[in-house]
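So the structure is just underneath, and the comments pick up after that.
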Amino acid sequence: MTHTFIPVLIMLIVALGVGVVILSLNRVVGRHQRNPSKAAPYESGVPLLDTNRKRVNVRFYQIAMLFILFDIEAAFLYPWAVIYRDASHGNAGMFLFGEMLVFILLLGVGYVYVWKKKAFDWK
Amino acid sequence: MNLTPLLEAHWINAILPELVLCIGGMFLILFDAFAPKARSLTGPIAVVIFILCAWSQRFVAVGTFFGGTYEVGGITRVFDITFVLAGILCTLLSADYLEREGITGGEFYALLMWGTVGMMMMAKGLDLLIIILGLELLSICIFVLLGFQRRLPVSNEASLKYFLMGAFATGFILYGTALFYGATESTNINVMARWFANPDVTITPLLTVAFVLLMAGFGFKLALAPFHPWAPDVYQGAPTPVAGWLSVAPKAATLIALIRIFHAMGPVLPQTKWMTIVAWLAVLSMIIGNSVAIAQRDLKRMLAYSGIAQVGYMTIAMLTINEDAVASIAIYTIVYALMNLGAFGVISMLAKNQNDPQTLDDIAGLGWRRPFHALALAVCMFSLSGLPPTGGFVSKFYIFRTAVQSGHTGIALIGIITSIASVYYYLRVVYYLYMKESAEGQTRIDGGIFATGALAISIIGIFLIGIWPTPLFHAASYAAHLLLAR
């Protein structure tokens with residue numbers, strides 16, 4: 001059972017060997033010239049204008065957070081809509097409907113809250 | 001698909017207190033958003049909602065609900081009252097504290113209420129997943145409440161520390177639950193109890209690992225040594241009323257959840273070393289908590305270490321789950337809520353920059369400047385150290401008596417010795433209150449009517465339970481009997 005995997009082992013060793021040999025040949029034979037443009041990110045692109053570690057207005061995060069919240073709401077609505085017709089017979093229909101009503105109501109309260117707190121205004 | 005069995009008769013009565021708090025919280029945030037000018041009213045409204053929640057306990061339906069995942073009974077009502085009591089005290093203290101610190105309030109009280117709902121879910125959850133759901137609801141509220149003073153570095157530090165470590169601890173609990181599910185094929189505590197009651201059951205290393213993971217996670221939430229180091233930093237940075245609430249209510253919720261889990265495991269416990277692990281946690285907590293508290297000059301850090309020791313005492317009673325043990329834990333949590341929130345309440349009135357530590361020097365000579373507030377702090381300290389005729393004495397007495405009756409004499413002895421040592425640092429506070437001269441430019445005590453009312457509630461409660469504990473103990477014993485009779 002084990003010996004059937006021996007080719008895999010050989011393959012691994014060969015792959016490792018080739019990688020090590022080529023890289024060390026490069027190291028031994030190749031020429032090394034260091035200069036600032038080689039050390040820069042995007043060596044052959046547009047020169048960087050500024051650092052990327054800047055403070056971003058907190059409103060961006062706020063909008064992103066609200067988007068995710070209400071986006072996930074939609075993600076929960078889909079599976080409910082798919083099973084609603086098949087599952088709703090007898091009491092189960094009212095139960096499913098009530099559950100979704102509560103869910104929407106909770107989100108509605110949150111929506112009204114962030115609206116009144118002016119979280120949607122970009123000021 | 002048949003969903004009807006999910007809703008038993010009277011299901012709405014079963015979750016009435018939770019519904020009151022959920023809707024009350026939503027009302028408060030909308031009230032805050034629509035009437036920003038009437039913000040100072042949010043505190044009193046929050047108290048009214050908490051009282052409504054306590055009143056709604058009258059209409060609560062008793063039994064098992066939601067497909068056997070939610071159990072309402074006598075003991076959950078006792079713990080609900082503890083949570084509501086802690087909520088009311090914290091709200092009263094916060095009303096004045098938030099105004100002084102210039103924080104706007106609606107969301108604060110709403111988060112307090114939703115956190116209370118999470119604790120009620122933990123207390124009533126008959127399924128490990130419901131307990132974890134409640135725990136998460138509680139934890140998310142705590143993260144926000146801790147960081148409520150968002151302009152203060154210490155408050156942010158407290159919030160971030162609790163968030164990172166709390167998320168880690170929840171991971172442990174979830175992993176332990178997953179392993180229990182793998183072994184017992186259910187997360188339902190009743191089904192697990194039947195599985196453990198089977199005489200042929202063998203204790204595999206898998207189960208032990210699951211138990212250890214569960215205890216590590218819950219040990220964090222309880223601030224049991226060696227999972228305690230977050231507590232002093234978090235209490236120090238948190239808004240003081242929140243620190244008081246955090247040191248009391250989530251511990252009570254975690255304890256009742258653990259009581260259910262330990263009771264389910266009852267039949268196999270004699271053939272395992274699991275309770276030895278719990279005993280070591282209790283011993284370590286009592287020794288570390290009480291000895292490190294002696295070295296603290298910061299009052300909130302001192303109370304944090306004292307809280308570690310106090311939860312150590314409560315854990316002694318967990319070693320053998322019987323009626324007396326459950327009843328004494330229930331009484332201990334009520335008394336602990338009264339005395340710890342009272343102590344944190346006086347500290348919350350110290351009008352100084354909340355970024356600086358509130359040390360013993362701030363309360364020097366307080367007994368002569370503000371007699372009532374000093375008296376409240378002194379009573380709370382006497383009660384915490386367990387001196388009669390306070391509630392602290394009665395609750396400690398019940399705990400140690402239960403431990404001795406169940407044959408844990410050695411651990412009870414360690415508890416008694418360490419609690420004698422603790423008298424030193426509790427009474428040092430009283431010494432500073434009455435026997436030290438107050439210095440020039442001494443910190444002012446700034447207590448409004450609500451906060452002073454909260455202190456009055458705790459003093460009255462401490463003495464009431466201290467002098468006349470029998471009715472409460474009988475009620476708690478009967479509730480515990482119903483819980484364990486299953």
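Bear in mind that the values in this text are calculations on the coordinates, not laboratory data. Note that this is a predicted model, so its numbers are computed, not measured. A quick note on method: Cβ atoms are made from the backbone with ideal geometry, for glycine too, and the neighbour counts reach across all protein chains shown.
Odds and ends about this structure:
- With the convex hull drawn over the C-alpha atoms of the range B:312-393, the volume per residue is 107 Å³.
- Projecting the Cα atoms of B:ASN353, B:VAL379, A:VAL102 onto the dipole axis of the protein assembly as shown, where Lys and Arg carry +1 and Asp and Glu carry -1 at the beta carbon, places B:ASN353 farthest toward the positive end.
- Simple Cβ-charge dipole of the protein assembly as shown, Lys/Arg +1 and Asp/Glu -1, about Cα centre, in debye nearest 20: 1280
- Rounded if a/c under 1.5, otherwise prolate or oblate - chain A, Cα gyration tensor axes: oblate
- Solvent-free Debye calculation, one equal scatterer per alpha-carbon of the range B:106-175: log10 I(q)/I(0) at 0.18 Å⁻¹ equals -0.69.
- Taking 25 °C and 0.890 mPa s as conditions, chain B diffuses translationally at an estimated 109 µm²/s according to Stokes-Einstein applied to its Kirkwood radius (Cα pairs).
- Angle between chain A longest axis and helix A:91-116 axis [Cα atoms, degrees, rounded to 10]: 70
- Residues B:LEU174, B:LEU111, sorted so that the one with the fewest Cβ neighbours within 10 Å comes first: B:LEU174, B:LEU111
- Rg/Rg_ref, the protein assembly as shown, where Rg_ref = 2.2 N^0.38 Å and atoms are Cα: 1.11
- The range A:9-25 and the range B:108-180: distance between their alpha carbon centers, rounded to Å: 51
- All-pairs Cα distance distribution in the range B:208-251, expressed in whole percent, bin size 5 Å: 6, 23, 26, 22, 12, 7, 4, 1
- Rounded, prolate or oblate (a/c below 1.5 giving rounded, otherwise prolate when a/b exceeds b/c) for the range B:38-84 by Cα gyration tensor: prolate
- Cα gyration tensor, the range A:58-116 - rounded (a/c under 1.5), prolate or oblate: oblate
- Relative exposure of B:ARG401, A:ARG85, B:ARG370, judged by other C-beta atoms within 10 Å (fewest first): A:ARG85, B:ARG401, B:ARG370
- Measuring between alpha carbons in the structure, the pairs from A:LYS54/B:LYS37; B:LYS37/B:LYS161; B:LYS251/B:LYS273; B:LYS161/B:LYS436 lying more than 26 angstrom apart are A:LYS54/B:LYS37; B:LYS37/B:LYS161; B:LYS161/B:LYS436.
- Residues A:TRP122, B:TRP55, sorted so that the one with the fewest Cβ neighbours within 10 Å comes first: A:TRP122, B:TRP55
- Seen against the Cα atoms of chain B and their longest principal axis, helix B:371-385 is set at about 30 degrees.
- Taking the longest Cα principal axis of chain B as reference, the axis of helix B:449-467 is set at about 60 degrees.
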